[in-house]
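Data first, discussion second: the structure below is written as C-alpha cells.
FYI, it's all coordinate maths here, none of it is from the lab. Just so you know, these numbers come straight off a predicted model, no measurement behind them. With ideal geometry, Cβ positions are generated from the backbone for all residues, glycine too; neighbour counts draw on all protein chains shown.
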Amino acid sequence: MTPLAEFITALHGVASGEGEVITDPVRLRTYECDGLTYHRATPGVVVLAESATQIAAIVKLCNRYGVPFVARGSGTGLSGGALPRTDGVLIVTSKMRRVLEIDLPNRRAVVEPGVTNLAITEAVREQGYYYAPDPSSQQICSIGGNVAENSGGAHCLKYGFTVNHVEACEIVTPDGDIVVLDRMDPGYDLLGAFVGSEGTLGVATKVTVRLSRTPEAVTTVLAAFASIEQGGQAVSAIIGAGIVPAAIEMMDALSIEAAEAAVACAYPEGAGAVLIVELDGPAEAVERQFAQLTEICAQAFELRVAADPAERAAIWKGRKSAFAAVGRISPAYIVQDGVVPRTSLPSVLASIDRLSAEYGIKVANVFHAGDGNLHPLVLFDDAEPGAGERAETVSGKILDLCIENGGSITGEHGVGVDKSRYMPRMFSDDDLDTMQLVRCAFDPRNLSNPGKVFPTPRLCGEVPGVRKGVHPLVESGKAEQF
Amino acid sequence: MAEEALEKSGVTLREAGPLDAVGDVLPSYVALPESVEEISALLRACAEADLAAVPVGGGTKLDWGAPPERCDVLIDTCCMNQIIEHAAGDLVVRAQAGVTLEALADRLATQGQELVYDGPFRADATVGGLLAAGTAGPRSFRYGTPRDLLIGITVVLADGTIAKSGGKVVKNVAGYDLGKLFTGSFGTLGVIAEATFRLHPLAAERAWVQTRLTPAQVQDAAVRLAAAQAEPTAVELDWPDPSGPVTLAALVEGAAATRRAQTLLDEVTSSMPGWWGEAGEGESLAEVRCMPDRVGGVLAALEGTGLALRGSPVSGRFFLRGDGAGFVPVVAGLREAGARVSVLASPYLMDRWGEVSALPLMRRVKERFDPGRRMSPGRFVGGI
C-alpha cells in the first residue's frame, strides 16, 4: 500500500461521519482547483472537517504516514494557494461555519474558519458594527481563507488588512497540536507571522476578529475623467491634501466597457477613466473632506454623488463586477495583483500601455489607486495559437515593472503556486532562506501546504520520523499540474 | 581571540563602561556599526568567537526584559542614523535603526506627515528600539501598534545573514512577514537594521477632553467612548494614586475635532495632558493587558495598593508602575483576575511573563534563528 492508501484507511478512524471523507473520483474532481482555475490537481482524498480536534487528529495521521495536507475554505483564492496535492489530503473547512461569540463591549467576534467574510458583518450590522476587511469575494470567501491569504479589499487603504483585524487564532500546527496565538499574549508575534502564511504554517480552526463601529457618514463619489492621467493626478492630489479616504478605485476605458457590457453600470459615457472615492467617518469630517474632494476633481467632466445606499451600490456595481465582466469582451484573461508606489502609477501605466502595443495583447486596468495595487486584466483569445504565451509574457513583464519600481508581485491575492517563481525576483536567497526558518520551526517535515509561496522546497535539516515517499527536491510544483 | 575576531570585522569598537550594563550584566565591548554590512561583519565575528550580543538604540528601555544570560558585545546603533527615503507622495519612510523618533518626527513634519507613535520615550527612543520592544502608544487604538505600521524590515541574523521582508508599499502579501516576528522580540532573534513604515497626514486639528471618575465608573465610560461615532483616536486613563479618582481623557483628531470632542466628555482642552503616553516613574514597571470588559476588575484589584496605573481602557493596555516589594503580589493578583502582565523592569524576583500559550513554538523559532543562543539570550519569555 502507498502511504496515501494507508493514510486513507486510518482516516476512517477519525472522520467517520456521513459524507465526511471523499474518495469518489468524480466528487474529488470538484476540489481540483480554487479560484485560479488553470492550475488543477485532483486531491488524493478530501475531508469535510467539523472540528479542531478532528483536524488535529487528521494532521497527526499526516505526520504518521508522511502525507501532505492542504487546507481550503471556500476555494475563491486567486493564486492557487488551495491547489490540492494528488498525494495528499485536502482539509475543507466549509462545514465549520458557526459564529461562536459576538462580544460587542470588547468589539470582537469569535468564528469558525468556514464562516464567510460578509456573514460576520451581517451578524453585527444591526448593532452598528462591521468587519472591516472586504475582499470583492466577501459574499462567499471564508474567514479561514482570509487569514491564510491576509486578504485586503477596496477599503484597506484606510482600515488595513486581515492581519490588522485578527486578534487571535486557534490553529492546528503542522505537528497536529492545537495552539492559541493571541495578540494579548507575551512572546513572539506568531499570530502576525501566521496570518498571510498561505496555509504553510498550519490550519486556522477558530478566528477572533475585531469589529469596527459603523461610521456615522459615508459619501461615495464617482468622478469621470477624459484620461487616466487626469484620474491619476486627482489621486495624488487627494493624498497630497492629507485626506485618507476609505477607498480610491480606478478603472480605465477598457474595463469600463467590459463592466458596461456585463452589468450595465451606466458610468458616464466617453470616460477615459473613472475614479470611485469613498469618504467615511464623523459626518462633519466627511462633509469637509467632500468639499475638498470636489475642488480637487475640478478636471472631472462628471461628478456623481451617491445619495443613498442604493446609489452607492450602483456606483460600486461596475467596479466589483469588473473581473468577471472582462469575460464579456475577451475569451480568456489573466488577473495580476502587482503593487507599485502610488507615485509611480502614471509611469507604470504608460509602460503597461507600451507592453500591450508591443505584444498585441489588450490590458484592462482596474485598480486600488489609493495604495498602488494594480489589477491588470491581461486579455487574450485562447483559441489563437501563441496568444496564451504572449499574455503570460506580458503578465510577467508587468510584475517586473512592479518590482523595478520598488513594489510587490502581490498586494492581496497571495503568492500560492502562481507567483512562487517570481519570488526570487523580489527577494534574495538569504531573504527566502530566512523566511524558510519560520516555516521549518512550524513545519519541519514540510507537510503543511508544501510547494506554495517558495520557489524551491527546502529541507529543514535532519527530517525526523517517517520520510515522505518522494524527495521534496525532486517533487516540484509542476508535477501536480495538468 | 574575542578581541581579534571583533577587530578583524572592521567595526569601530570601544571598551564598555558601567553605563553600558544591560541589567546587571556588563559587556566587554561596545560596537558602533555604521551600516547593515558592518552589523553583518560584526555578527559573523561574534559567531566565530561565540560572543553574545545585545543590540541597543537610544537605551531608553535597556532595563526592560530579563537581564541577558551573557553579553560580550553591546551593539550600539547610534551611528546608523540616516533617514534613507521619505517618499511623501507615497506616505512611506525608510530609516536606519538608529534614527531617533524625534529626528524622524521633525523630518516628517516638514511634509505634514507623521509616524503615529505617542507612547513612552517618543523623543529619545530609536526606530530599532521601538520595534524591538514593540511599545504601543495611546493612538494605537485607532492606528494600530508599531507592528501594524511597519511595512518592511531589514534584519541581520546571528550568523551574519542579512535578510529583508516586506518592502516599501503598504499593500504587500509576498512572503512571510518577518517584520511582525521581529517586532517585540527584545533583540532575541537578530538585529533590526532598517525599517520602512507607512505614515499618516498630521491632523490639522486636535482636541483633548477629560473628566474625573471613580474607578467603578471607568469601564462603562470607556466602552461608550470606544463606540462613539465622533471617533476618538485614543482614550487614556491616568490613576496616579489608587485611592483617589481616575482621570479619563480622549483625543479627537481631524476636521471639526473640537466640536466632535465636546460630544464625548465635559472638559475640552487643545493641549496634551502632561502624562499622556508616558510610562511614569517607579522602580518596577509592568505592562498589563486585558479585555476592555475586565478593566473594572483590574482597577478593583489595584485599589489601595499605592501603585500607579496609566494606559488605555479601550485597547486594554496599561503601564503599572511603583516602588517596593508590594509590586510582586499585585502582579500575581492581576493575573488571577484574568489580566496578562509582563514585568518589563523590576529589581524583585518574580515570574516576569506569566503563562505563554505558544511557548514551545516560540522556542522552535528561536532555535532556528539563533541556534547558538548569542542574540540577547535569556531576555525574553521562557528564557528565550
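Listed values, structure above:
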{"item": "The range B:79-212, dipole about Cα centre (Lys/Arg Cβ +1, Asp/Glu Cβ -1), debye to the nearest 20", "result": "360"}
{"item": "Alpha-carbon centroid distance for the pair the range A:265-340 / the range B:47-75, whole angstrom", "result": "52"}
{"item": "For the protein assembly as shown, size of Cβ-based charge dipole, Lys and Arg +1, Asp and Glu -1, in debye", "result": "1340"}
{"item": "DSSP beta bridges in the range B:6-100 [antiparallel fraction, %, rounded to 5]", "result": "55"}
{"item": "Residue-averaged 222 nm ellipticity for the protein assembly as shown, from DSSP H runs of 4+ at -39500 (n - 2.57), nearest 500", "result": "-8500 deg cm²/dmol"}
{"item": "Under the Debye formula (equal points on every Cα, no solvent term), log10 I(q)/I(0) of chain A at q = 0.09, 0.11 Å⁻¹", "result": "-0.63, -0.93"}
{"item": "Ranked packing of B:255-265, A:377-387, most packed first, by mean Cβ within 10 Å", "result": "B:255-265, A:377-387"}
{"item": "Shielding by partners - mean other protein chain Cβ count within 10 Å, residues of A:335-345", "result": "4"}
{"item": "Among A:Pro215, B:Val328, A:Ala325 the positive-end extreme of the charge dipole of the protein assembly as shown (Cβ point charges)", "result": "A:Ala325"}
{"item": "Kirkwood Rh, Cα atoms: Rg over Rh of the protein assembly as shown", "result": "0.96"}
{"item": "Listed residue (B:Trp239, B:Thr211, B:Ala193) projecting farthest to the positive dipole end of the range B:182-260, Cβ model", "result": "B:Thr211"}
{"item": "Kirkwood Rh in Å, taken over the range B:206-345 so that all alpha-carbon pairs contribute", "result": "15.1"}
{"item": "Relative contact order computed over chain B (Cα-Cα under 8 Å; 6+ residues apart), in percent", "result": "16"}
{"item": "Peptide B:256-265 - average C-beta neighbours from other chains (10 Å radius)", "result": "2"}
{"item": "Those aspartates and glutamates that a straight Cα-Cα span of less than 13 Å connects to A:Lys317, excepting residues fewer than 8 apart in one chain", "result": "A:Glu249, A:Glu260"}
{"item": "Kyte-Doolittle mean at least 0.0, axial Cα span of 24 Å or more - DSSP H helices of chain A", "result": "A:387-404"}
{"item": "Which listed pairs, of A:Lys452/B:Lys61; A:Lys158/A:Lys362; A:Lys206/A:Lys419, have C-alpha distances above 30 Å, in listed order", "result": "A:Lys452/B:Lys61; A:Lys158/A:Lys362"}
{"item": "10 Å Cβ neighbours from other chains, averaged over peptide B:284-292", "result": "2"}
{"item": "Given chain A, longest segment not containing exposed loop GluC sites (Glu not before Pro) (DSSP; at most 13 other Cβ within 10 Å)", "result": "A:19-268"}
{"item": "Unmatched cysteines, chain A - criterion: no other Cβ of a Cys under 4.7 angstrom", "result": "A:Cys33, A:Cys62, A:Cys141, A:Cys156, A:Cys169, A:Cys265, A:Cys297, A:Cys402"}
{"item": "DSSP-loop chymotrypsin sites (Phe, Trp or Tyr not before Pro) across the range A:5-50, with at most 14 other Cβ within 10 angstrom", "result": "A:Tyr38"}
{"item": "In Å, descending, principal axis extents of the Cα set of the range A:330-418", "result": "36, 28, 19"}
{"item": "Cα centroid of the range B:87-137 to Cα centroid of the range A:147-167, whole Å", "result": "23"}
